[in-house]
Amino acid sequence: MRQMRLRRLILLQVACALGLTAYLNLVKTSVERKTLQKAVRTDGNVGFGGKWSPPGRNLSSTSEKVAILVPFRDREEHLDIFLRHMHPFLQRQGIDYVIYVIEQHGGEPMFCKGLLYNVGYTEALKDDPTYDCFILHDVDLLPEDDRNLYTCSKSPLHLSVAIDKFDYNLPYTDLFGGVSAITKSHYRLLNGYSNLFCGWGGEDDDMSLRLKRHMLEISRPEKDVARYKMLPHNHTKENPQRYILLRHWLARAMTDGLKSLHTAGYNVTSTSHRELYTHILVNISKRG
Ligand code: UD2
Ligand code: MN
């Protein structure tokens, strides 16, 4: 009771400081956040760290274990919407999964998506070595159709075939960015992503070339099934080095990636099991 009164008092003080409209928005957002988290928790019984298994799964079960890797920085609003959408979606599909959010911080101003995927892959396997399948997922993409299954297959899958932003058309056939599904062994075989692409663009095309080198053809679900909405955002700062890097992709493919992760200039600041996801905070120091 005393705590509630104290909270009201604090909120009132905030109201005076911010003005009524801002205050109402604040309360609304906080209520929405709570309702959201509660809805997801009670609906799906998401375990701490964003884990969920289909009911009846036991230790001897052979169903695939899936790690969803989400590279992230400074997109809190997207993350809220993403989690609210994805937990029920994955549960309706009966997937045995954990959501990992790999967040970049530190001195590097550009966003290093490929490196974050490699760190996510490595740390997820430390957390649970039995993952068979990795879903590489932009935080701003929301699948529209439950038939778009979040499992792996014999060849790497590109799942975000038709995005509203591109009028539900695939921009080009070698595209591997957005949402993809790849087995643990293929990811290792490919030496993961390049660690060198920081800033917008190129890292997914570099991966596409790695797939070609190993003669791994990209498979895709039907266009009417693999539909996504992209949440609106500003354009991320481009990587001016990307064309030069791509020109020498073959020379780097064997070394630059999982194999050179230990020299990639990062360290894992913390790993914590939050209510709806496992949070891996990665410090990336400024590149030379
Ligand atoms: C495209 C690709 C994406 C990636 C990027 C080029 C599609 C559908 N997506 O996305 O996979 O290849 O081009 O690098 O083709 N992010 C943050 N904070 C940032 C920047 C990026 O969290 O400041 C994460 C977030 O998960 C985001 C993803 O990186 O969804 C891709 O970045 P983007 O959404 O800015 O780029 P976009 O939509 O052009
Ligand atoms: Mn985007």
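Values quoted throughout were computed directly from the atomic coordinates according to the rules given, and no laboratory measurement underlies them. Just so you know, these numbers come straight off a predicted model, no measurement behind them. Positions of Cβ are generated from backbone atoms using ideal geometry, with glycine treated the same way; all protein chains shown enter the neighbour counts.
Multiplying the residue separation of residue 268 and residue 255 by 0.36 nm and subtracting their alpha-carbon distance yields 2.5 nm. Applying the criteria of a DSSP loop state and at most 14 other Cβ atoms within 10 Å to the GluC sites (Glu not before Pro) of the range 158-251 yields 217, 222. For the peptides 77-84, 266-273, 167-174, residues were scored by their other Cβ atoms within 10 Å and the scores averaged per peptide; the highest-first order is 77-84, 266-273, 167-174. Extension gain for residue 222-residue 169 works out to 17.9 nm (0.36 nm per residue, less the C-alpha to C-alpha distance). Couplings 3J(HN,Hα) of the range 214-220, computed from phi: 9, 6, 9, 7, 7, 9, 9 Hz, in residue order, whole Hz [Karplus 6.51 cos²θ - 1.76 cosθ + 1.60, θ = phi - 60°; x for Gly and Pro]. Choose one of 90, 63, 111: the residue whose Cα lies farthest towards the positive end of the charge dipole of the range 53-184 (beta-carbon charges +1 Lys, Arg; -1 Asp, Glu; about the Cα centre). Comparing the listed Cα positions along the dipole, 63 ranks first.
Close amide H pairs (under 5 Å, H built 1.01 Å from N) link residue 96 with 66, residues at least 5 positions away or on another chain. Using the Cβ of residue 159 as centre and a radius below 14 Å, the other residues enclosed give a net charge of -2, where K and R count +1 and D and E count -1. Using θ = phi - 60° in the Karplus curve 6.51 cos²θ - 1.76 cosθ + 1.60, the 3J(HN,Hα) couplings for the range 247-263 round to 4, 10, 4, 5, 5, 8, 3, 6, 9, 6, x, 4, 5, 10, 4, 5, 10 Hz; x is entered for Gly and Pro.
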